[in-house]
Amino acid sequence: MSTGSLLVVDDEPHYRKLLSERHGRNGWAVFPTATGAEALRIAEKASIDVALIDILMPGMNGLDLLERLKSIDPAIEVVVLTGHASVETAIRAMKLGAFDYLSKPYKLSELDVVVERAAERRRLAHRCVGLAAQVKHLEGPRDPMVGQSAAWLATVRLARKAAAQTLPVLITGESGTGKEVIASALHRWSGRAAEVLVPIDCGALPEQLLESELFGHRRGAFTGAVADKEGLFQVASAGTLFLDEIGELPLAHQAKLLRVLETGEFRPIGQTALRRTDARVIAATNRDLDAAIAAGQFREDLLYRLNVVTIAVPPLRERAEDVPLLVAHFMARSKTGACDLEPGGMARLTDYTWPGNVRELRNVVERLLMLAEGPVITERLVASLLVERGGRPRANGGKPAFDRVMPLADMERSYVRWALDECGGNVTTTARRLGISRSTLYRHTAPT
Ligand SMILES: Nc1ncnc2c1ncn2[C@@H]1O[C@H](COP(=O)(O)OP(=O)(O)OP(=O)(O)O)[C@@H](O)[C@H]1O
Ligand SMILES: [Mg+2]
């Protein structure tokens, strides 16, 4: 049987007690109250899943209360209990967004069923938003994890240990090492596996949009806020919130995040009351957060909250034993199907430094399969592909490619432009690989 928090609003002490005790026994956290005003105060503090409200009450009546509860949290499911079967009241309640209504006298077993269905809908609503975010973000459902090197196995072991707790986890590592793979494993191995894993890329959205994604907003809080919106902290309350690229989180939001981690409370934009969340937070970054702190771009106190457990995913060049397994894995997964590889070709792949890590390896395998001209991928093909990518620094025998002394700023600018070109013009990727923010990147590429 599903449970959650249940608000019971009835001015008659007898009913209040009856309902509270019954649902309390069913495992609900019950908040009983006699007035609408008190009910609103409770709803603003606690995260209420389902509300049972009486229509005829002195002071604020049940329909007004229904409307105001919905404006605190549009996803609260409200079941209305009417004293006399008035069709108009029932219709109005449904129009205001009530889940269902029951006219007194009703059977308690009937009420149980309605409350249960309301809770189910609340859960499904959360799940839908979470799944939508997941679909947008994840590269593949449940990517299997491949690796046999001691470094990789140690990472996995640490992740398994961390999964058992609800403490925040910080995952660090170069781009493409598998930070997201580890994050989803942490969720899958945790006690919250049946709940949602909600990922959000902190570097992908403009500031205000990011804030409203994370914390939600009230209708009218800013231009374009045409309806109330639940924040992902709310959506992920029973599950896991994955804050990807945490190093890109603007300073203003860092303060808000720190507060959530410290108190479990946050404030949707345009709302005075605080809301509660029980979301487990996993953060990931490929930036050096200590450097970001030194540069005044990241809060030190936030880092200490996030890195209670840190999982550092090693770069692929430090675990070359994983390369053959990963090659086989990506071949098996490709649309073209697996193909043989000359032993010399595998050796070259294993020796390569993989600056783009596992993601780069996946791309290389896909290109090899595409370019192969027979049933076997030759060492020559592998060599030519790798030279095309990583050969550049080695091509002139390791000597730096300078022919004159120039101002550092010019050097920097042309290097950044080259890097941008190298990353196919993708600003986010380039900034990430250079270890700088996108705005710094823009500054460096701006014409002087
Ligand atoms: N151990 C692994 N086994 C199988 N696939 C992996 C493994 N590690 C990474 N991958 C795959 O490599 C790709 C990159 O992994 P992921 O997105 O987790 O990297 P990341 O560290 O989050 O990168 P970025 O910093 O760019 O966000 C994905 O397609 C992922 O499925
Ligand atoms: Mg990632």
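The values are calculated or read from the model by the stated rules, or taken from the named source; none is laboratory data. Computed from a predicted model, the values in this text were never measured in an experiment. Glycine gets a Cβ as well: all are built from the backbone with ideal geometry, and neighbour counts include every protein chain shown. Keep in mind that these areas ignore ligands, DNA and RNA; they rest on the heavy atoms of the full protein, side chains included. Shrake-Rupley method; radii C 1.70, N 1.55, O 1.52, S 1.80 Å.
Along its first, second and third principal axes, ordered by size, the range 148-312 spans 54, 39, 26 Å in Cα coordinates. Under 10 Å from the Cβ of Ala255, count the other residues' Cβ atoms, weight Lys and Arg +1, Asp and Glu -1, and hand me the total. The answer is +2.
Of the trypsin sites (Lys or Arg not before Pro) found in the range 22-56, none is in coil by DSSP with at most 16 other Cβ atoms within 10 Å of its Cβ. Accessible-area rank, largest first, for Cys128, Cys202, Cys339: Cys128, Cys339, Cys202, with all protein chains present and a 1.4 angstrom probe. Computed with a 1.4 Å probe on the full set of protein chains, the accessible area for Asp351 sits at about 130 Å². The accessible area of Tyr101, taken with all protein chains in place and a 1.4 Å probe, comes to roughly 90 Å².
Counted by Cβ distance under 13 Å from Ala284, the other residues give a net charge of -3, where Lys and Arg count +1 and Asp and Glu count -1.
Among beta bridges from DSSP that stay inside the chain, the antiparallel ones total about 10%. Considering all C-alpha pairs of the chain, those separated by over 33 Å amount to 49%. The figure for Glu366 is an accessible area of roughly 90 square angstrom, using a 1.4 Å probe on the protein chains alone. Using just its DSSP H runs of length 4 or more, each adding -39500 (n - 2.57), the chain gives a mean residue ellipticity at 222 nm of -15000 deg cm²/dmol after division by all residues. When a 1.4 Å probe is rolled over the protein heavy atoms, the share of accessible surface on the chain that falls to carbon and sulfur comes to 55 percent.
Ranking Trp28, Trp189 from most to least accessible surface, computed with a 1.4 Å probe over the protein chains only, gives Trp189, Trp28.
Name all residues of the range 58-89 having a backbone nitrogen under 17 Å from the label point set 7 Å from the Cα of Glu110 along its Cα→Cβ direction, giving them as ranges. Once the point is set 7 Å along Cα→Cβ of Glu110, 79-89 turn out to lie under 17 Å by backbone N, inside the range 58-89.
Relative contact order of the chain, taken over Cα pairs closer than 8 Å and 6 or more residues apart, is 13 percent.
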